[in-house]
Amino acid sequence: MDGEEEDEQVIAEEVEAMKSVYENDCTILNSIPPHFHLSLKPRTADVSSHQFVEIVLEVHATPQVHRGFLSAYDSVRTRIISLIRLAIGYVDDHSEFTHKWHIYMTGHSLGGALAILLALELSSNQLAN
């Protein structure tokens, strides 16, 4: 399975999960990647009503980030990673860690965006080992 097929499989699994959670409120009309046509029932609608709103979502296989969030992350990235390295006793890319660490990132709004970007970076570099 190549990268594109894997991406489509992940998206299909997410769609199935969404269907199971929102079964009474959401109907997937068409799911041909990268677009999903959804029919949503507003929460304010009467249970027996057929008031649905159709929306189209575009899903990208490659991650994307808002320029403002990325700019904010870039402005603090080096300092945050330096502080994490200091806290866990990181020496260099070739040394072994004596302890396993769990780092939890959280935030709201801008802080949440920065936390996600940091989690992505940490999970894909030497600190993740």
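Points to keep in mind about this one:
- In order along segment 67-83, phi translates into HN-Hα couplings of 4, x, 5, 5, 4, 5, 5, 4, 6, 10, 3, 4, 5, 5, 5, 4, 5 Hz, rounded to whole numbers, per the Karplus curve 6.51 cos²θ - 1.76 cosθ + 1.60 with θ = phi - 60° and x for Gly and Pro.
- A cut-off of 5 Å between modelled amide H atoms, ignoring neighbours fewer than 5 places along the same chain, links residue 65 with no other residue.
- Full-stretch length increase - residue 77, residue 65 - with 0.36 nm per residue and alpha-carbon distance subtracted: 2.8 nm
Any read-out appearing in this document is the output of simple, stated calculations on the displayed coordinates, not a laboratory observation. All figures in this text were calculated on a predicted structure; none of them were measured in a lab.
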